[in-house]
Amino acid sequence: MDIQDAAEHAIKAWYETDGAPEVDTDGAKTWGTFLPVGAPDRFKSVCSERGVTYVQGLAQALTLWLDNHPSPNAPLVKQPVVRVIVANQKGGVGKTFISSGIAQALAEAGHRVLLVDYDPQGHLTAELGFEELMYEDGVETLMMHMDGSAKGDIHDLLVALDEDVFGDRLHLLPASDDAFLRDVALSKVSFSEAALERALEPLEDDYDVIIDGPPSLGLNMDTALYYVRRREGELEDRSGVITPVWANRASHRAVRLLKAQKDDLCKKGRIQVDYLGLIINAYDSRRGKLVQENKDEWEKSSSPPVLAVIGDLKEGREAADGEIPLLVYAPDSEHAQVMRDLAKELAV
């Protein structure tokens, strides 16, 4: 529902409610919407009659509306994600954690999801318990399907996360040890920007694709960005880029570099790559004033917008160390709920 319509419904319901509980508005950020002519004056008058401030009355109205209209468990409109890369060339900001968490939440919600470990370091593959697959001899790899040397079916590379919560809907394309040479190998491939697309094309009809991106700005990144471009007939902001960041200056610089590469690729390739948003990860206000100021600066961004702020919580680290999917290890944790919220954001 449009926020203006929601506000009108909320105020109307508030008029009909006696003794609405007080709402804590300390620290709340300002926002605005339009209301019909005369509606604000009437609302202020009723607030005065009830002995509450205009802000408190509005907070009560909206809280009542939200309590009666909880976020749905399934998307209201079927416009599912198609291809998303979680990308930032700055290491350690949580690409793997967020890629894995979003993919798990989408699968839990009923989507068929392919999780691609496109990071040569293979952290995602290892943290999900498949590290041994990275070093198998005599097997084909994603790189071989990208450079055209593979003879077999790329479906044979996939492994399933067999936990019941995913219902056989979450599959992983593991990393392999030849991925460290990918930039060199791609430099010898004709139209290398499309190499990942050519490799994954046989899988696309079966999955939404979530990619754990490489920690670099080389050809690896170009191929991934090209893969998630908006294709003819596709909706805006369905496929694209999500960037995890920290609340520090280094992350601001990293995003500028990634955005510059994306914009350059779009200009030269005459394509459109949508920036779906930023995720502020591992945030802890106790780390000082500069951390809070950097977070506030991120949240002022509207292009790309901030999709979520994730606290510096322990469950994600424990799940990774234990090589257990987050939604299996701590399904009721704050970390898990954030991933479900992000999945809904992407899938509606």
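The values are calculated or read from the model by the stated rules, or taken from the named source; none is laboratory data. This structure is a prediction, so every number in the text was calculated from the model and none was measured. Positions of Cβ are generated from backbone atoms using ideal geometry, with glycine treated the same way; all protein chains shown enter the neighbour counts. Heavy atoms of the whole protein, side chains included, go into the accessibility calculation; ligands, DNA and RNA do not. Shrake-Rupley method; radii C 1.70, N 1.55, O 1.52, S 1.80 Å.
Being of a type in the set (A, V, I, L, M) and crowded, with 22+ Cβ neighbours inside 10 Å narrows it down to one of 160, 150, 199, so name that one.
Exactly one of 160, 150, 199 is of a type in the set (A, V, I, L, M) and crowded, with 22+ Cβ neighbours inside 10 Å, namely 199.
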Inset, instruction - Scan the stretch 281-303 and give yes if some residue there is modelled with pLDDT of 90 or more, part of a helix (DSSP H, G or I) and under 17 Å from residue 102 (Cβ atoms), otherwise no. - result: no
Inset, instruction - Determine whether residue 21 is loosely packed, with under 13 Cβ neighbours inside 10 Å, modelled with pLDDT of 90 or more and not aromatic (Phe, Trp, Tyr). - result: yes
Legend entry - Count of residues meeting criterion [modelled with pLDDT under 90 and under 15 Å from residue 347 (Cα atoms)] in the stretch 69-104: 12
Inset, instruction - Identify, by number, the condition in (1) open to solvent by less than 60 Å² (accessible area, probe 1.4 Å); (2) among the polar types (S, T, N, Q); (3) more than 18 Å from residue 90 (Cβ to Cβ) that residue 261 doesn't meet. - result: (3)
Legend entry - Failed item in (1) in contact (Cβ under 8 Å) with a residue 40 or more places away in the chain; (2) crowded, with 18+ Cβ neighbours inside 10 Å; (3) out of contact with any Asp or Glu (no Cβ under 7 Å at 6 or more places or on another chain), with residue 192 passing the rest: (1)
Legend entry - Residues of the stretch 127-142 satisfying the condition of being farther than 16 Å from residue 202 by Cβ, open to solvent by less than 30 Å² (accessible area, probe 1.4 Å) and part of a helix (DSSP H, G or I): 134
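Evaluate the following for residue 103: is it over 26 Å from residue 143 (Cβ atoms) and either without any contact (Cβ under 8 Å) to a residue 12 or more places away in the chain or out of contact with any Lys or Arg (no Cβ under 6 Å at 6 or more places or on another chain) (or both)?
no
Do you know which residues across the stretch 270-318 are of a type in the set (Ser, Thr, Tyr) and farther than 23 Å from residue 229 by Cα?
Those that are of a type in the set (Ser, Thr, Tyr) and farther than 23 Å from residue 229 by Cα: 283, 285.
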Inset, instruction - Could you list all residues from the stretch 2-18 that are without any contact (Cβ under 8 Å) to a residue 40 or more places away in the chain and either open to solvent by 60 Å² or more (accessible area, probe 1.4 Å) or of a type outside the set (Phe, Trp, Tyr) (or both)? - result: 2, 3, 4, 5, 8, 12, 16, 18
Legend entry - Matching residues in the stretch 300-335 - criterion: being open to solvent by less than 60 Å² (accessible area, probe 1.4 Å), of a type outside the set (Gly, Ala, Ser), free of Cβ contacts under 8 Å to residues at least 40 places away in the same chain and farther than 30 Å from residue 126 by Cα: 305
